[in-house]
Amino acid sequence: MAAPVLRLGCPGTRWALAWVGSGFHHRRGASIGSTSNPTREQSAVTQKPLHTAQKPRKGEHKWEAVVGLEIHAQISSNSKLFSGSQVCFSAPPNSLVSFFDASLPGTLPVLNRRCVEAAVMTGLALNCHINKKSLFDRKHYFYADLPAGYQITQQRLPIAVNGSLVYSVWGGKKRNQMVSRTVRIKQIQLEQDSGKSLHDDLRAQTLIDLNRAEGQLRVDANVSVHHPGEPLGIRTEVKNLNSIRFLAKAIDFEIQRQINELETGGEILNETRSFDCQLGCTVPMRDKEGKQDYRFMPEPNLPPLVLYDSTSLPAGADSQQVINIDQIRDTLPELPSVTRERLVQQYGLLPEHSFTLLNEVGLLEFFQNVIKETRAEPKKVANWVLNTFLGYLKQQNLAVSESPVSPSALAELLNLLDSKAISSSAAKQVFQELWSAEGKTAAQVVSEQKLELMQDLEALDRLCLSTMEGHPQVVMDVKKGNSRAINKLIGLVRKATLSRADPALIKDILEKRLRS
Amino acid sequence: MGSKINELRGQKVSAALKQGQITPTELCRKCLSLIQKTKFLNAYITVSEEVALKQAEESEKRYKKGQSLGDLDGIPIAVKDNFSTSGIETTCASNMLKGYVPPYNATVVQKLLDQGALLMGKTNLDEFAMGSGSTDGVFGPVKNPWSYSKQYREKKQQNPHGESEDSNWLITGGSSGGSAAAVSTFTCFAALGSDTGGSTRNPAAHCGLVGFKPSYGLVSRHGLIPLVNSMDVPGILTRYVDDTAIVLDILAGHDPRDSTTVQEPVKSFILPTLTDVSKLCIGIPKEYLVPELSSEVRSLWSKAADLFESEGAKVIEVSLPHTCYSIICYHVLCTSEVASNMARFDGLEYGHRCDINVSTEAMYAATRREGFNDVVRGRILSGNFFLLKENYENYFIKAQKVRRLIANDFVNVFNSGVDVLLTPTTLREAVPYLEFIKEDNRTRSAQDDIFTQAVNMAGLPAVSIPVSLSSEGLPIGLQFIGRAFCDQQLLTVAKWFEKQVQFPVIQLPQLLDDCSLSLENEKLASTSLKQ
């Protein structure tokens, strides 16, 4: 219990224009994945599926979907929100449970400073207004994994409100342009996590784990559809979505289901649904019959949470006892949007490349380390990192940190390429070799496999000449004006050089000879 | 010539222990034997004899080495059975917690043990401290020791009513009646009560004791099984004000486990002896003069005011205009928090669990029906009603606003220059059990908390001081209310008052005949009280 959770609400975000017809189809924009920001709760907001507007065909009835997300993201902290128990991934069940976590009578919550700081930082990163005073409330319901019978949360006056996050998606007619979108953040609240129930249907038992420290993200999606210009439709809530992929699927399904329902004269019930990830559909949740009244009440055991900024900080305040918003702002790392902007400005990268670099943990750092050690153009480096390097990683399902090729090794390879010591096809070959034969340098591979480009112009000239003599028909074709025929000759010469010659150079020589 | 245990102050016993006139083990055995003799009063739910004797042994070793831990080393104490005690069953006098053994000590318990105090046992109460009689616990009612006192019996014989002696015993008041009876019968020198609406002061008044409710936030609630978190405070019951101050001195201060305790370091609570009250201003709230107040209490209250005036204090009538809304407001806030606090008793983690297992919901329902008495269930029901979305604004929010007005009443009075308020603690002296149970718990609580609960809503310190015996030979107490966190000032005034009124010691000849201690009266008298 009391694993610290940040709850983010993005209400009423109109982000979907769906249309009806035989070809009705939701297309998702580029999935903008997690950013370089290490805390989980932040990636939660950015990783949203996006239903982008499509032009309805003439005569079709337009539907607009409205989606609001309630995102539960665990704070990366060493101990729980209200108790001193540790938070540790995959600890044995119920091994990290304090007396408070087990709700023993007489125990009281004590707020964890680190969690407050994380919440403030998240609020700042999401352009929220930070409330200098926020309150804690009890939310009551009976459930086996909620031992106190209530959950401590921030219903009335949360720590941060009214934020926004700008993100980009593929847009435009051909879906090949990056388009900026904004999602509004209603509030960020600190909330005690409930426990975990494991249902053993075979023995009709429920097992409870009060550790509640599974590093997790949980999203509840509120979905409704309506015709543009008309009042909002009745919403349903799809609960407990625990991956971005399922979140997207569930929302897609739910929008489609609601439209179908309404199109066939049915009605939408204000209900709680769950997502069946095997069947890919949402189903009503049985145990939530009727509306719950959570009987919210102020938490009397926690005084109001008061935050300060540099102007309101009382003189002589003990820095261990107060939290200064401005001080947290100063420690805020560069935000992903700023990093992406910088990549585009500084290196001339494409915006989409800047996204990919930030989406993969460690990839940006890898890229920057390569840049430091190579003369190659940043754009070229980005191509190598995003196509070749990332391709190899994906193929073998490895993280950047698990890569057998170090940034230095790739930098060396790119230097050889840049100085035209090897051809780009040879470079690919070297890369493959570096990947499989760990420890070798690019130069070693090049010399072992004799992959250097031929620098001897006379020898190359001789090769060109003998190739022309060997293929008079092709030479004739070129001379007749078939400009493509020269590529065949280039290919033949390259083959003769064991791919060690620069094709551009071969082309120059051949053209000179053919003209003469 | 032997000295009687009932003539000993905690302070003097402490001195006697230091001088080796008595050993902690001897003292412990005396108290255990008294507990045995007074068993019929039902003051204790659990007697922790072995623990106490072991603690006494440890204490004795320290005294022999001259390494006493302080004034409380070797002093027998009792703790209300709603404070968690590690390894000792803690029941709240409820079926729900029968057999529940906490794995930790409440902060206040730990602090007392750290000072070498001997824990004699856990005292009886109304179930989950919900009541004002100590009559509604699952272990049965607590009998007021004064029912068996020489003072009461003599008066009784003068006005015989014909009731049989057995059925005519009096209630202790509550809900900390067990703690009051325990101190009153000399089975311990101090006891912890809890005070949410008067639960320490009320039984103190009925049992002729000092009953102290500290400022909210001065003493940790960690480990106190809550009734109303925003009003609960650990209370102290002793026979003398100085003893209360000694205990408060140990208990007061910030507890990292209770975020509502004050951060600022607290000063010593050991009391100076006041000789001059001429600089004092005593306020008499006119709204506390209610028709239900017995004429005896009323005249005593008036005499007390006169006493202050005659000694040079300024005594003025003051107004707390929102007093009449206090009880109903208390009722809404109390039941709402009760509904919330009782939600954790679901039969899963600890405590009682029913045999029904058809579904989790059915198990919850049956467990809670079997575990809680009518009073607790009634309050849960009311509280949940007040917290419903449709009622929250009209009840809970309104009650909170009224609570603020009540608190402001006190602030205004104190800002006008009043140092302490003087009020009755109860409407009248203790009534016989048979009469008490003619009304239901809710009615009784509403009547009996009338002078006490407003203080809890305002978070102020208050103390009930025994003043004199009624015409029936029963104790009557008066209450002093102080400014928030001016607990020491309040107790200093109370100590002066205590000295003036010379409340008589309870005489329980049948019980205490053979309880004399081998102490020389002369020696005791010459013992310095200054620590």
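Where the centroid of each part is defined by its Cα atoms, how far is segment B:343-398 from segment B:87-163 in Å?
25
Mean separation of Cα pairs under 8 Å and 6+ residues apart, divided by the residue count of segment B:292-446: what relative contact order is that in percent? Write down the numbers at each step before the final one.
Values: 116 pairs, mean separation 53.6, N = 155.
Normalised by residue count, the contact order of segment B:292-446 is 35 percent.
Is segment A:110-204 best put as rounded, prolate or oblate by its Cα gyration tensor, with a ≥ b ≥ c the root eigenvalues, rounded for a/c under 1.5, and otherwise prolate when a/b is larger than b/c, oblate when not? Display every interim value, and only then the final one.
Values: a/c = 3.16, a/b = 1.43, b/c = 2.20.
Cα axes put segment A:110-204 in the oblate bin.
Among B:28-35, B:311-318, A:455-462, what's the highest-first ranking by average C-beta atoms within 10 angstrom per residue? Present the calculation step by step, with values, prior to reporting the outcome.
Values: B:28-35: 21.0, B:311-318: 16.0, A:455-462: 12.8.
Ranked from most to least packed, the peptides come out as B:28-35, B:311-318, A:455-462.
For segment B:308-374, report the translational diffusion coefficient in µm²/s to the nearest whole number, using Stokes-Einstein at 37 °C, 0.692 mPa s, and a Kirkwood Rh over Cα pairs. Mind dumping the intermediate values first?
Numbers: Rh = 15.9 Å.
Rounded, D is 206 µm²/s.
Efficiency by 1/(1 + (r/R0)^6): what FRET value for A:Cys88 and A:Asn487, r their Cβ-Cβ distance, R0 = 60 Å, to the nearest 0.05? If you can, show how the numbers build up before the last one.
On the way: r = 61 Å, r/R0 = 1.02.
Approximately 0.45, to the nearest 0.05.
Taking only the Cα atoms of segment A:409-469, how large is their convex hull per residue, in Å³?
Values: hull volume 5.1 nm³, N = 61.
Expressed per residue, the convex hull around the Cα atoms of segment A:409-469 is 84 Å³.
Residues of A:136-149, mean number of Cβ from any other protein chain within 10 Å of their own Cβ, rounded to a whole number? Don't skip to the answer; put the middle values down first.
Details: counts 0, 0, 5, 0, 5, 1, 7, 3, 6, 1, 4, 6, 6, 9.
Taking the mean over all residues of the peptide, I get 4.
Using just the Cα positions, wrap segment B:111-257 in a convex hull and report its mean projected area in square nanometres, one decimal place. It would help to have the intermediate numbers written out before the result.
Details: hull surface 36.9 nm².
Here the figure is 9.2 nm², rounded to one decimal.
Could you work out how far helix A:244-263 tilts from the main Cα principal axis of chain A, as a 0 to 90 degree angle to the nearest 10?
70
State, to one decimal in nm², a quarter of the convex hull surface area for the C-alpha atoms of segment A:315-421, i.e. the direction-averaged projected area. Provide the component values of the computation, followed by the final result.
Details: hull surface 38.3 nm².
So the Cα hull casts an average projection of 9.6 nm².
Averaging over all projection directions, find the projected area of the Cα convex hull of chain B and quote it in nm² with one decimal place.
On the way: hull surface 97.6 nm².
If I average the Cα hull's projected area over directions, I get 24.4 nm².
Could you tell me how far the Cα centroid of segment B:199-270 sits from the Cα centroid of segment A:346-374, in Å?
The two parts, judged by their Cα centres, are 62 Å apart.
Antiparallel DSSP bridges in the protein assembly as shown: what percent, to the nearest 5? Write down the numbers at each step before the final one.
Numbers: 100 of 119 bridges.
Taking every DSSP beta bridge with both residues in the protein assembly as shown, the antiparallel ones total about 85 percent.
Show me the trypsin sites (Lys or Arg not before Pro) within segment A:300-409 that DSSP assigns to loop and that have at most 15 other Cβ atoms within 10 Å of their Cβ.
Sparse-neighbourhood loop trypsin sites (Lys or Arg not before Pro): A:Arg375.
Ratio of alpha-carbon Rg to the 2.2 N^0.38 Å globular estimate for the protein assembly as shown, to two decimals, please. Mind dumping the intermediate values first?
Working: Rg = 39.7 Å, N = 1047, 2.2 N^0.38 = 30.9 Å.
Scaled against compact globular proteins, the figure is 1.28.
Given Cα pairs under 8 Å that are at least 6 residues apart, what percent is the relative contact order of chain A? Intermediate values should be presented prior to the final figure.
Working: 931 pairs, mean separation 66.6, N = 516.
For chain A, the relative contact order is 13 percent.
Rg and Dmax of chain A, using alpha carbons, in Å: what are they?
Cα-based Rg and Dmax for chain A come out at 30.1, 100 Å.
Contact order normalised by length for segment B:89-150, with contacts defined as Cα pairs under 8 Å and 6 or more residues apart; what percent is it? Each step should come with its number before you reach the end.
Numbers: 63 pairs, mean separation 19.0, N = 62.
Once divided by the residue count of segment B:89-150, the mean separation gives 31 percent.
Rounded to the nearest 0.05, what FRET efficiency do B:Cys354 and A:Leu207 have when you use their Cβ-Cβ distance and R0 = 22 Å?
Values: r = 20 Å, r/R0 = 0.91.
Plugging the Cβ-Cβ distance into 1/(1 + (r/R0)^6) gives 0.65.
If you build the Cα gyration tensor of segment A:131-264 and take the root of 5 times each eigenvalue, what three semi-axes come out, in whole angstrom, biggest first? The partial results should precede the final answer.
Working: eigenvalues 208, 106, 58 Å².
Gyration-tensor ellipsoid for segment A:131-264: 32, 23, 17 Å.
By how many nm would the segment from A:Ala317 to A:Asp456 lengthen if fully extended, with 0.36 nm per residue of separation less the alpha-carbon distance? Kindly include the intermediate steps, with their values, before the conclusion.
On the way: separation 139, 0.36 × 139 = 50.04 nm, distance 7.63 nm.
Roughly 42.4 nm would be gained on extension.
Order B:147-158, B:433-444 from most to least packed using the mean count of other Cβ atoms within 10 Å.
Highest-to-lowest ranking by the protection proxy: B:147-158, B:433-444.
Please sort by residue number the GluC sites (Glu not before Pro) in segment A:330-361 whose DSSP state is loop and whose Cβ has at most 15 other Cβ atoms within 10 Å. List each step's numbers first, then the result.
Numbers: sites: A:Glu334, A:Glu341, A:Glu352, A:Glu360; in loops: A:Glu334, A:Glu360.
When the GluC sites (Glu not before Pro) of segment A:330-361 are filtered for loop state and at most 15 Cβ neighbours within 10 Å, A:Glu334 remain.
Using only the alpha-carbon atoms, what does segment A:251-385 span along each of its principal axes? Please give whole angstrom values in decreasing order.
Per principal axis, max minus min of the Cα coordinates gives 65, 54, 24 Å.
Among A:409-416, B:110-117, B:172-179, what's the highest-first ranking by average C-beta atoms within 10 angstrom per residue? Intermediate results must be reported in sequence, preceding the final value.
Values: A:409-416: 22.8, B:110-117: 20.8, B:172-179: 36.2.
So the order, starting with the most tightly packed, is B:172-179, A:409-416, B:110-117.
How big is Rg to Rh over segment A:349-470, alpha-carbon atoms, Rh as the Kirkwood inverse-mean-distance radius?
On the way: Rg = 16.5 Å, Rh = 15.5 Å.
Result for segment A:349-470 is an Rg/Rh of 1.07.
With r defined as the distance between the Cβ atoms of B:Asn415 and A:Thr331 and R0 fixed at 45 Å, what FRET efficiency is calculated, to the nearest 0.05? Spell out each step's value before the answer.
Numbers: r = 44 Å, r/R0 = 0.97.
Here the calculated transfer efficiency is 0.55.
Alpha carbon centre of segment A:225-262 versus segment A:106-176: separation in Å?
Distance between centres, Cα-based: 23 Å.
For peptide B:341-351, how many partner chain Cβ atoms fall within 10 Å of a residue's Cβ, on average? Can you show the working numbers first?
On the way: counts 6, 2, 11, 10, 3, 8, 0, 8, 10, 5, 1.
For peptide B:341-351, the averaged partner shielding equals 6.
Of A:Glu377, A:Glu117, A:Glu230, how do they rank once you tally other Cβ atoms within 10 Å and put the fewest first?
Working: A:Glu377 14, A:Glu117 19, A:Glu230 8.
In increasing order of surrounding Cβ atoms, one gets A:Glu230, A:Glu377, A:Glu117.
Only the coordinates and a few stated rules stand behind these numbers; no lab work does. In this text the structure is predicted, and so the values were computed from the model without any measurement. For neighbour counting, all protein chains shown are included, and Cβ atoms are generated from backbone atoms with ideal geometry for every residue, glycine included.
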